[in-house]
Amino acid sequence: MKTVKSVLVNKMSSKTLYDKIWDTHLVSEREDGTALIYIDRHLIHEVTSPQAFEGLRLAGRLPWRADANFATPDHNIPTTTEERKQGLEGIKDPVSKIQVRTLDDNCAEFGIFELKMADARQGIVHVVGPEQGATLPGMTIVCGDSHTSTHGALGALAHGIGTSEVEHVLATQCLMQKKARNMLVRIDGQLKAGCTAKDIVLAIIGKIGTAGGTGFTIEFGGEAIQALSVEGRMTVCNMAIEAGARAGLIAVDEKTLDYIKGRPFAPSGELWEQAAQSWRSLVSDTDATFDEVVVLQAEDIEPQVTWGTSPEMVAPITGNVPDPAQEADETKRGNIQQALAYMGLQGGTAIKEIKLDCIFIGSCTNSRIEDLRAAANVVKGKKVANSVEVAMVVPGSGLVKKQAEAEGLDRIFIEAGLEWREPGCSMCLAMNADQLGEGKHCASTSNRNFEGRQGFGGRTHLVSPAMAAAAAIAGHFVDIRELG
Amino acid sequence: MNKFIVEKGVVLPLDRANVDTDFIIPKQFLKSIKRTGFGVNLFDEHRYLDKGLPDTDNSLRPINPDFVLNQSRYRDAKVLLAKDNFGCGSSREHAPWALDDYGFRAILAPSYADIFFNNCFKNGLLPIVLDKATISALFTEVEANEGYQLEVDLEQQTIIKPDGSTIEFSVDAFRKNCLLNGLDDIGLTLEGSETIRNFEKSWRSTAPWYFMTPNATTT
Ligand code: SF4
């Protein structure tokens with residue numbers, strides 16, 4: 001153990017960060033390029049796992065390595081304190097209750113570590129993983145959830161898988177797949193005040209489209225990415241999937257190591273020194289080649305607001321909803337018309353004129369402590385507009401909640417008229433009781449604005465936490481930079 | 001897993017790009033702990049006029065007569081004709097489960113989202129990529145001819161049109177073999193258990209920090 005070297009460095013040829021992690025995890029490869037990749041960490045939640053566990057049972061199989069798994073329920077648990085106090089019984093929807101109970105039972109049966117609903121550390125799996133140190137640089141991480149890309153912010157190769165693959169990983173500790181291609185998205189220069197990680201990633205999606213990253217692993221780099229906190233980097237990687245890429249990655253630096261050090265699942269002592277030494281090599285070699293490179297200037301990025309039903313339907317706060325009549329391409333015109341009809345918006349409307357009925361601050365994109373601080377900073381001493389019917393803040397985990405309360409953020413939100421909830425996915429996908437009403441407009445810090453995503457007939461506008469908070473106060477979108 | 005060899009059936013055209021997984025199967029139906037029974041809620045938000053809930057009798061719900069799935073000419077469709085970036089969004093395998101449960105066996109589109117594409121193969125559903133011009137010609141033919149059927153022959157990698165003409169398609173050799181034989185991925189992978197064990201052993205000694213048990217600080 002004393003002589004563990006930095007094996008992640010291959011001096012022979014220049015590699016991207018993705019190449020490096022891939023190569024160290026390659027178990028075997030067929031001639032056609034189908035490979036078996038070893039998986040270090042498997043994250044599990046209640047929605048996409050029951051059928052996989054059932055499959056194991058039916059085949060008489062056991063998990064290959066139970067201690068590689070980490071579970072927590074998050075998708076359809078209630079978020080009011082009243083309901084949560086009652087434990088499983090507080091879940092009113094009987095079908096949801098069965099699903100959460102099934103996760104508990106499966107974890108107990110197969111000896112899998114679980115942060116149960118009542119645990120103070122429970123939360124959205126993509127918030128909790130990094131928080132517990134269960135996400136480490138250079139790891140391969142999978143979860144039956146597309147936003148697993150979040151963990152790439154720590155230099156881990158992480159992506160979503162389907163339930164059959166969940167079962168496959170449980171049974172074999174491997175994933176069968178072909179290697180993706182390498183894309184670099186570089187953000188040069190410095191972000192302007194008021195612009196955040198969320199605005200960066202929305203601007204990227206606006207530029208390359210929701211299928212722009214299909215078939216690629218995207219590495220986010222450049223000065224503006226390096227300048228982000230680890231939490232901001234998670235926001236960016238979280239939405240790699242919204243650009244079509246299964247995985248997003250960011251190079252490891254001292255900020256990454258500082259973030260991880262001392263977390264429960266992280267190594268310590270001498271092992272930490274060895275690990276940290278090895279992790280420092282988790283960067284793309286300077287002469288590595290990417291199959292595609294996209295460059296954006298940070299100075300050009302303004303606060304972003306989505307106006308349609310796909311994350312690529314996005315505009316700067318100073319802009320307008322597009323006018324379909326101005327669109328020459330027939331397919332695009334049709335898409336815009338369809339989206340505007342669903343959203344109840346007129347082409348050409350100024351983004352700032354869009355009125356909000358609901359504000360949702362939460363989700364694995366933006367529910368970490370920095371996000372809550374940014375939102376609290378905006379609403380402090382102010383009141384939510386009368387026209388806003390529902391405004392809620394849902395912390396990403398029990399530990400985020402505790403930290404926020406220690407800082408008094410909960411008081412700030414409550415005094416401003418926002419609800420302060422228990423951790424979970426909540427209105428990000430509205431599987432629990434937190435649902436956006438039909439025809440209602442919601443400023444949401446989540447990641448998907450698909451039709452019906454936040455509730456049947458609901459109209460989602462994706463924004464940063466500060467922009468959502470400012471919209472809560474004004475009742476319509478405002479340019480956060482004008483608030484001073 | 002279901003085998004896929006040759007499938008022939010009515011083609012249903014879904015003229016919409018970026019069909020996401022919420023469109024295919026809304027989240028309220030993901031609460032089930034089973035793999036079957038999702039077919040009645042396929043495209044739920046467009047197929048019915050009211051809001052769908054699990055455990056309701058779908059036969060009593062008002063249907064949307066304008067939605068293509070409800071048009072009698074497309075009854076019992078087996079082949080789904082779709083547009084770009086089909087299946088984007090979440091990783092939910094409930095999307096292919098719903099398509100399969102409804103009776104679809106093959107999908108034809110210019111492009112798919114990665115995770116969805118992958119999930120289809122695990123469930124005996126064949127997603128075929130065809131170029132845009134071919135897809136748009138098919139849309140025209142399907143809409144012009146009631147009862148339009150296509151035969152998809154995986155072995156030969158061809159689609160046979162009603163007039164006997166054919167369209168060739170490509171498919172990954174490994175996936176083709178799995179579909180033709182209904183092979184179970186896990187069983188196949190476990191045949192190489194020895195290789196996995198050896199890899200694991202050496203990886204554990206190289207990077208022991210990835211093998212720490214919860215709450216432990218040393219291995
Ligand atoms: S917060 Fe939303 S996007 Fe994130 S895991 Fe939960 S449902 Fe998925």
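Since every read-out is calculated from the coordinates, none of them should be taken as a lab result. Keep in mind the model is a prediction, meaning the values are calculated, not measured. Don't worry about glycine lacking a Cβ; one is built from the backbone with ideal geometry, like all the others, and counts go over all protein chains shown.
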Rounded if a/c under 1.5, otherwise prolate or oblate - the protein assembly as shown, Cα gyration tensor axes: rounded
Coil-residue trypsin sites (Lys or Arg not before Pro) of the range A:160-219, DSSP, other Cβ within 10 Å capped at 16: A:Lys179, A:Lys192
All aspartates and glutamates inside 13 Å of A:Lys20 as judged from Cα atoms, apart from same-chain residues fewer than 8 positions distant: A:Glu219, A:Asp285
Fraction of antiparallel bridges per DSSP, chain B only, in percent to nearest 5: 50
The range B:6-211 pair-distance distribution - Cα-Cα, 5 Å bins, rounded %: 1, 7, 14, 18, 17, 15, 10, 7, 5, 3, 2, 1, 0
Efficiency of FRET from Cβ geometry, B:Leu188 and A:Glu327, R₀ 35 Å, rounded to 0.05: 0.15
Entries in A:Lys85/A:Lys116; A:Lys192/A:Lys401; A:Lys192/A:Lys355; A:Lys255/A:Lys401; A:Lys355/A:Lys440; A:Lys255/A:Lys402 that, when Cα-Cα distance is taken, lie over 21 Å: A:Lys192/A:Lys401; A:Lys192/A:Lys355; A:Lys255/A:Lys401; A:Lys255/A:Lys402
Built amide H within the under 5 Å cut-off of A:Gly244, gap 5+: A:Gly213
Nearby aspartates and glutamates by direct alpha-carbon distance to B:Lys8 (threshold 16 angstrom, same-chain neighbours under 8 apart not counted): B:Asp76, B:Asp100, B:Glu146, B:Glu151, B:Asp153, B:Glu155, B:Asp163, B:Glu168
DSSP-loop GluC sites (Glu not before Pro) across the range B:101-181, with at most 11 other Cβ within 10 angstrom: B:Glu146, B:Glu155
Under 5 Å, built H, 5+ apart or other chain: amide partners of A:Glu419: A:Ala391, A:Met392, A:Val393
About the Cα centre, charge dipole magnitude for the range B:6-211 (Lys/Arg +1, Asp/Glu -1 at Cβ), debye: 540
For the range B:39-105 versus the range A:140-158, the gap between their alpha-carbon centres in whole angstrom: 30
Unit charges on C-beta of K, R, D, E only; dipole of the protein assembly as shown, Debye: 1140
For A:Arg186, residues with placed amide H under 5 Å, excluding near neighbours: A:Gly221, A:Val294, A:Val295, A:Leu296
Whole-number percent relative contact order across chain A, with pairs defined as alpha carbons under 8 Å at least 6 apart: 17
Vicinal HN-Hα couplings computed from phi for the range A:303-308 (Karplus, 6.51 cos²θ - 1.76 cosθ + 1.60; Hz; Gly/Pro x): x, 9, 9, 7, 10, x
For residues of B:114-124, the mean tally of beta carbons on other chains within 10 Å: 5
For the range A:185-252 and the range A:450-484, distance of Cα centres in Å: 20
C-alpha center-to-center spacing [the range B:111-166, the range A:270-318] in angstrom: 36
Highest-fluctuation residue, B:Gly192, B:Gly124, B:Gly87 considered, GNM on chain B with Cα pairs under 10 Å: B:Gly192
Residue-by-residue Karplus 3J(HN,Hα) for the range A:320-332, coefficients 6.51, -1.76, 1.60, Hz, glycine and proline x: 10, 5, x, 9, x, 4, 8, 8, 6, 6, 5, 4, 4
Listed residue (A:Ala406, A:Thr80, A:Ile44) projecting farthest to the positive dipole end of the protein assembly as shown, Cβ model: A:Ala406
In order through the range B:52-64: 3J(HN,Hα) via Karplus (6.51 cos²θ - 1.76 cosθ + 1.60), integer Hz, x for Gly, Pro: x, 10, x, 6, 10, 7, 5, 5, 8, 8, x, 8, 8
Average beta-carbon neighbours from other chains, 10 Å sphere, peptide A:263-272: 4
